[in-house]
1. Can you figure out the FRET efficiency of residue 326 with residue 381, using R₀ = 45 Å and their beta-carbon distance, to the nearest 0.05?
2. GNM on the chain, C-alpha springs below 10 Å: top fluctuator among 188, 391, 79?
3. Note the angle between two axes, namely the Cα long axis of helix 345-355 and the longest principal axis of the Cα atoms of the chain, as a number of degrees from 0 to 90, rounded to the nearest 10.
4. Starting from the Cα of residue 396, step 7 Å along the direction of its Cβ; do the same at residue 255; then give the gap between the two resulting points in nm.
5. Of 73/139; 310/383; 96/310; 186/374; 73/186, which sit over 23 Å apart, Cα to Cα?
6. Does anyone have the angle between helix 101-110 and the longest principal axis of the chain? Alpha-carbon axes, 0 to 90°, nearest 10?
7. Give the longest segment of the chain that steers clear of GluC sites (Glu not before Pro) in DSSP loops with at most 12 neighbouring Cβ atoms within 10 Å, not counting the sites themselves.
8. When DSSP assigns beta bridges and you keep just the ones with both residues in the chain, what percent turn out antiparallel, to the nearest 5?
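No value in this document is a laboratory result; all are computed from the given coordinates. It should be emphasised that the depicted structure is a prediction, and the values quoted were computed from it without experimental measurement. Glycine also receives a Cβ, built like all others from the backbone with ideal geometry; neighbour counts cover every protein chain displayed.
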Amino acid sequence: PPPVAQHCFSDRGDIWTFRSLRFRSAFHWSEYSLNLLDLDRGVGVFWIRSAEGLPYWTQASPFRSLFHWWMEKYGAQLVHAAAVGTRDGGLLITGKGGVGKSTTALTCLAAGFDYVGDDYVLLTGGEAPAAHSLYRTAKVNPADMGRFARFHPRLLGAAAVAGEEKAVIFLEDDGPGSLVASLPIKAVLTPRFGSAPETHIETIDKALLIGAATYTTLAQLPHAGQKTADFIEAQLRRVPGYSLVLGHDVERVPEALAALLQRAPTIVPPLRETDDAAPAPLISVIIPVYNGAHFLPDAVATVLAQNYPKLEIIVVDDGSSDAIEKAVAALPVQVRFLRQVNSGAAAARNLGIRAASGDLIAMLDVDDLWPAGKLEASLALLKEEPDTDVVMGWAQLMQQSSDDGRFSFVGSPAETFIY
């Protein structure tokens, strides 16, 4: 056990105040592992009490934090994504946990696709983005084990049998698909569940696609920040991107993906660049919440509606007694979720600031909404006035109708929020 309490570590393992660029460090409370890496000497440590009883995600992708820091030094980046493909090229499938990445990847392998990984892959640039394999594993829900019997599954722990966790499959080249070391990325997809039997492909705003990969990667890897977000954006700008709407008939998913690869997708126009083409800053959006779970979906929706590609969303629960965990799990993107005993909104904001990875901080109370263009306007003012530390807009009080749910303005900002 560590010599300090859990609140001394961030949700993803950062050790507060340890910010050395040479010595990377993290403590993962969920597995009781201390991770250390001396980037200059190339010496790493993964220190645990015992190898027995490690959680399934650690056995499926061991040394993840060490690989993240080490590969970043050499111009590569671990990304929370799956990667499969055919002779026509590879597909990177990214998004929050539980959206179907692993099931899609394993179904494609069973259908004869090439397979790089289902949860974490290594992304490189060069002449074209490519995904590389680190782990010959796959994770599936125990209820789906029967569909993948030929992969010789090995369940890890009683929790997997009880259906509370996922099972890990250690893969072998014993079927129609192939385990490959690398695939060139031809397109990037973020999945969501549809209502029809068939799987189909839809267009998606490139900022939302980049955000899908950025949110989930930043939320899980210690010391991930501006450099991580810049790398992901730079590579995903170079390839077309789509929304993968998964149908109920899982066995037909590979057909849709094979058809997409055969169509040789047209490159999606890049996001609008700034005048000086400087990388956009990573913004950490901090949302404190106390018994406001019913407000959270709308608040996060207005953040996503900014169409800004480099965001991390940090939700700080100030000791709520409502269904906040359920509300967080239902969000369309992965957020960093911090908890504290009830200490007030200021303490919740400060906890979020301490965990933030972004170069800029934005505050949003859970019962507030951002208008379209709010971030763009704030960034423009910061750019025009480089000595400015804080940008703050007017706030408009609104009242929601109990009949149709529409909002109406109450008073004016100059009168209601005079400061």
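1. Rounded to the nearest 0.05, the efficiency is 0.75.
2. Its mean-square fluctuation being the largest, the pick is 391.
3. Here the helix axis deviates by roughly 40 degrees.
4. 4.8 nm
5. Those over the limit are 73/139; 186/374; 73/186.
6. Here the helix axis deviates by roughly 20 degrees.
7. 274-419
8. Here the share of antiparallel DSSP bridges comes out near 60 percent.
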